[in-house]
Amino acid sequence: MIRRFLCLSSVRTNYDLALLVMRIGIGINLFLKHGWEKIVYFNVMAPHFFDPIGIGHYTTFMMAFTTDVIFSVFIMFGLFTRWCSVAYFGLMFGAWWLRHNFMYWGMPPGAGGDHLKGDHGELIMIYFVAMVTFIIAGSGRYSLDAWLINKDRN
């Protein structure tokens with residue numbers, strides 16, 4: 001009896017609902033934090049965007065804009081979820097590597113190096129885990145991907 005209580009075994013398991021909640025939560029968070037700022041500050045950010053591989057500020061910005069604005073919405077609705085997750089994983093890995101220098105922890109207070117803030121490491125790892133989960137599990141039954149697949153079968 002105590003094991004059932006501790007494990008909450010009386011709660012029905014629903015992986016599709018869990019994927020829906022995760023997709024909506026991650027997608028909204030990505031859009032509101034990263035996508036919305038790129039929409040609002042488009043003219044300010046695009047010409048000065050970080051260009052680590054020399055393809056141009058505007059081109060690099062448009063890659064980030066596409067993932068942060070369009071793909072985050074696709075993930076929310078479960079449309080092309082695996083492909084969007086692969087693209088997001090690549091974008092975040094590139095940003096973590098080339099912009100944040102794989103920093104996970106921030107610099108200790110008073111240590112200087114404010115330009116090397118690593119306070120995004122934890123959040124980046126959470127996004128990595130979410131994207132890998134979507135790549136492995138897909139978008140679930142409550143998604144446009146599932147609707148498209150079922151439509152093809154009929």
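Of the residues LEU144, ALA64, VAL44, the one whose Cα sits farthest toward the positive end of the charge dipole of the chain, with +1 on the Cβ of Lys and Arg and -1 on the Cβ of Asp and Glu, is LEU144.
Across the chain, what fraction of all alpha-carbon pairs, as a whole percent, falls in each successive 5 Å bin from zero upward? Values per bin, smallest distances first: 2, 9, 15, 17, 17, 14, 10, 8, 5, 3, 2, 1, 0. Put in order of Cβ neighbour count within 10 Å, fewest first, the listed residues LYS38, LYS151, LYS33 become LYS151, LYS33, LYS38. Computed from the C-beta positions of VAL129 and MET1 and an R0 of 35 Å, the FRET efficiency is 0.55 to the nearest 0.05. Every helix of 4 or more DSSP H residues in the chain counts as -39500 (n - 2.57), and over all residues that averages to -17000 deg cm²/dmol at 222 nm. Quick one: net charge around GLY138, please, counting Lys, Arg +1 and Asp, Glu -1 for every other residue with C-beta under 14 Å from its C-beta. Residues near GLY138 contribute +1 overall. Where is the GNM fluctuation largest for the chain (alpha-carbon springs, 10 angstrom cutoff): ARG99, ARG23, ARG12? Answer for the Gaussian network model of the chain: ARG12. One decimal place: the segment TYR104-ARG153 gains 13.1 nm when fully extended, by the rule 0.36 nm per residue minus the C-alpha distance.
In a fully extended conformation the segment linking GLU122 and TYR15 would gain 36.0 nm over its present Cα-Cα distance, using 0.36 nm per residue. Dipole check for the chain: with +1 at the C-beta of Lys and Arg, -1 at the C-beta of Asp and Glu, and the Cα centre as origin, the magnitude is about 680 Debye.
Across the chain, Cα pairs under 8 Å and at least six residues apart give a relative contact order of 26 percent.
Laboratory data are not the source of any read-out in this text; all were calculated from the coordinates shown. Bear in mind that the values here come from a model prediction, so they are computed numbers and not experimental data. As a convention, Cβ positions derive from the backbone with ideal geometry for all residues, glycine included, and neighbour counts pool all protein chains shown.
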